[in-house]
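Structure record follows, encoded as C-alpha cells.
The values are calculated or read from the model by the stated rules, or taken from the named source; none is laboratory data. The structure presented is a predicted model; accordingly, all values stated were derived computationally and were not measured. All Cβ positions, glycine included, derive from the backbone under ideal geometry; neighbour counts span all protein chains shown. For accessibility, only protein heavy atoms count, side chains too; no ligands or nucleic acids. Shrake-Rupley method; radii C 1.70, N 1.55, O 1.52, S 1.80 Å.
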Amino acid sequence: MRRKTQVLPEGDSQAIARALEILQGGGLVAFPTDTVYGLGARVHDAGAIQRIFRVKGRVHTKAIPVLLAGADEISKVALSLPSNAEQLASRFWPGPLTIVVWRKPDLPEELSVDKTVGLRVPDHRLALQLLTVAGPLAVTSANRSGDPSPCTAEDVFTALEGRIELILDGGKTPGGEPSTVVDCTRAVPQILRPGPISEEEILRVLR
C-alpha cells in the first residue's frame, strides 16, 4: 500500500510533534543521525518493526539496532549492563559505537533473532530531540537493502517515497563508516564490526 510521504524541515516547529504522532500510531519516520539517515519505529511496536523489514527488503535474520537519547535509557531495553559496557558507553556515547548486550525479554522477537540487542546514542541534535520525546527507537539505515546509505532527505525520499510516513530533513549527514559494534555479552568484549572507533581505542578504555 502506497502512503503519502511527508518531508518536514528541522526548523518546522511541529516537526518533532508530528514525528511522535506518527510513531505512536505505528508509522515509520526517517531522520538524520551522526552517520547516515535512519529509519525508525517504536522499539516495542512489533508491527512497525516488521514494516521496516518490508520497506527495506531486509532479511529477517539481520537484527535492528536500538537508538537511545542517553545511557539512562538503557534499562528500558536491556538487562543489567556489564561493567565493560558501562565503561565504553561512558567514554564513547554519544557517538559511533554500538554496544551489544542482553535484551529484555519483553522486546519484540522481530527486533532480533537472538536474545541480544545493539544499543547506540547518536551524536546528532535532531536525532536526540526525537529520541528524548519518543523513547528508544528501533533504527536502521533509511534505504533499500543493498543500496547506498542515504546522507540527505532527498536520498531517503528517492528510495522510500510512498513507503513511509515522514522524513525529518536535518540537512546532509556526514556519511562515512557505520558505527563500531562491540559485543559486551561475553567476559572479553569482541568487536563484531570495525568502524570509526578503533580497536586500540576500545582496548585502551577496557584496560
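State yes or no: is residue 101 outside any loop (DSSP other than H, G, I, E, B), open to solvent by less than 30 Å² (accessible area, probe 1.4 Å) and within 19 Å of residue 70 (Cβ to Cβ)? Criteria met by residue 101. Before we move on, is residue 119 assigned to a helix (DSSP H, G or I) and either open to solvent by less than 20 Å² (accessible area, probe 1.4 Å) or under 14 Å from residue 34 (Cα atoms) (or both)? So residue 119 does not fit the description; no. Per the conditions (1) assigned to a loop (DSSP other than H, G, I, E, B); (2) touching a His at 6+ places or on another chain (Cβ under 8 Å); (3) not polar (S, T, N, Q), the sole criterion not satisfied by residue 110 is (1). Exactly one residue out of 80, 75 is of a type in the set (Gly, Ala, Ser), assigned to a helix (DSSP H, G or I) and surrounded by fewer than 21 Cβ atoms within 10 Å (Cβ to Cβ), and it is 75.
Please verify whether region 125-136 includes one or more residues that are in contact with a helix residue (DSSP H, G or I) (Cβ under 9 Å, 6 or more places away or on another chain), touching a residue at least 24 places away in the same chain (Cβ under 8 Å), open to solvent by 40 Å² or more (accessible area, probe 1.4 Å) and in a loop (DSSP other than H, G, I, E, B). Looking through region 125-136, none of the residues is in contact with a helix residue (DSSP H, G or I) (Cβ under 9 Å, 6 or more places away or on another chain), touching a residue at least 24 places away in the same chain (Cβ under 8 Å), open to solvent by 40 Å² or more (accessible area, probe 1.4 Å) and in a loop (DSSP other than H, G, I, E, B).
Residues that are touching a helix residue (DSSP H, G or I) at 6+ places or on another chain (Cβ under 7 Å), in a strand (DSSP E or B) and open to solvent by 30 Å² or more (accessible area, probe 1.4 Å) within region 156-203 comprise 169, 191, listed in sequence order. For region 15-58, filtering for residues that are touching a Phe, Trp or Tyr at 6+ places or on another chain (Cβ under 8 Å) and at pLDDT below 95 leaves 0.
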